[in-house]
Amino acid sequence: MAAVRFLGTAPDRLERVVGPIPAAGSLRGRPNLPIGRVRPYSIRSIPSPGGAERRGARAARPSRAAMGGDLFALDFDGVFCDSCGESSLSAVKAAKVRWPSVFEQVDSAMEEWIVEQMYTLRPVVETGYENLLLVRLLVEIQIPSVRKSSVADGLSIQEILENWLKLKPILMDEWQEDRESLVDLFGRVRDDWIKNDLSGWIGANRFYHGTADALKLSSSDTYIVTTKQSRFAEALLKELAGIDFPSERTYGLGTGPKVKVLQQLQQMPQHQSLTLHFIEDRLATLKNVIKEPALDKWNLYLVTWGYNTQKEREEAQGISRIQLVDLPDFSKKLK
């Protein structure tokens, strides 16, 4: 299978290098990762209204909300973490468990091809279980004898990119799958990988250059809002970036759609005087926010890295509510 590593070439650029997958034990050392470990860090909680009095002062210190400030709701995969290598490998593992007969003819060369295509297809993935569907679809495209879907014959990678929202329900129906079962399986495969080879799992992920430091040094109120299961996001922040991010500030899979999470955050009493910012790598998610009049107070940002395409970035430039943000600007905004 293909191993994909990212080498620090410039502060705002990552280079993908393809080679054979190293043995699990060899993933422990990653000297060329974009960032190294940082000191353990815990984000300070929001001061409660009428907080501790200053020494010698009569009046209580005003809370952050009373003073004004910024709240950042931050996506995880594609903003902080490049997890495409890990999610693709986990998807192959899970797909073999779910559909063993489909994968009987899949050799190492085809697995390598699958992983490579997943880097191209990653922008269409909203929730992790979709990786399993994509992996099986790629197999059916290559091996007609295992084909159960009516859409696989002659389907190109570009057509998948352009039509995934239409293809996904067709595949779910024709393969007689349900979302929750796939979500559960994908989570269990990741849990098993972590349990049996933590360093290998961690080594298959990496943070984009400077993003962990930006979170670590931020003086703003920060929340992680992701479709990833919270335990995996928190584990990566701790093990790969050295950040102990509070679980109460992590809204992961199962906490509701992102538009609902943003509504919850803006309605909290302690956030009423804060300027609201939402940073994402998926244009479709930002469009969903724009459709909700109740979320008009949010400043919206599409990152220029992560899992989006040049076409999507160009489209975002024509949408007045959305600002493009690059890596240097990202670090400045979170200060």
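Taking the Cβ-Cβ separation of Ala284 and Leu198 as r and a Förster radius of 22 Å, what is the calculated FRET efficiency to the nearest 0.05?
The calculated FRET efficiency here is 0.10.
Once the piece of chain linking Arg147 and Met110 is laid out straight, how much longer is it, given 0.36 nm per residue of separation minus the C-alpha distance between them? Mind showing how you got there, number by number?
Values: separation 37, 0.36 × 37 = 13.32 nm, distance 1.56 nm.
Computed gain between Arg147 and Met110 is 11.8 nm.
Residues in the range 148-186, backbone N under 17 Å from the label point at Ile319 (7 Å along the Cα-to-beta-carbon vector): list them, ranges by number please.
Within reach of a label on Ile319: 162-165.
Could you pull out every residue, at least 5 positions away or on a different chain, whose amide H is within less than 5 Å of the one on Thr275? Hs are placed 1.01 Å off N in the peptide plane, and Pro or chain starts have none.
Sorted by chain and number, the residues that satisfy this are Gly69, Asp70, Leu71.
Would you please calculate the Kirkwood hydrodynamic radius of the range 84-199 over all C-alpha pairs and express it in Å, rounded to one decimal?
Working: mean 1/r = 0.0700 Å⁻¹.
Evaluated on the range 84-199, it is 14.3 Å.
Lysines near Lys93 by alpha-carbon distance under 23 Å, same-chain residues fewer than 8 away left out - which ones?
List returned: Lys148, Lys168, Lys195, Lys228.
For each of Tyr119, Tyr307, count neighbouring Cβ atoms within 10 Å of the residue's Cβ, then give the residues from fewest to most. Can you show the working numbers first?
Details: Tyr119 17, Tyr307 22.
Ascending number of Cβ neighbours within 10 Å: Tyr119, Tyr307.
Assign unit charges at the C-beta atoms only (+1 for Lys and Arg, -1 for Asp and Glu), then state the dipole size of the range 201-316 relative to its Cα centre in Debye, rounded to the nearest 20.
The dipole magnitude comes to about 220 debye.
How many nm separate the modelled label positions at Val97 and Met268, each set 7 Å beyond the Cα in the direction of the Cβ?
3.3 nm
What is the order of Ile279, Ile290, Ile170, fewest Cβ neighbours within 10 Å to most?
Ile170, Ile290, Ile279
How do Arg282, Arg188, Arg98 rank when sorted from fewest to most other Cβ atoms within 10 Å of their own Cβ?
Arg188, Arg98, Arg282
Given the Cα-Cα distance of Glu174 and Asp329 and 0.36 nm per residue of separation, how much length would full extension add, in nm?
So the extension gain works out to 51.3 nm.
Any read-out appearing in this document is the output of simple, stated calculations on the displayed coordinates, not a laboratory observation. Given the structure is predicted, the values throughout are model-derived calculations rather than measurements. Backbone-built Cβ (ideal geometry, glycine too); neighbour counts: all protein chains shown.
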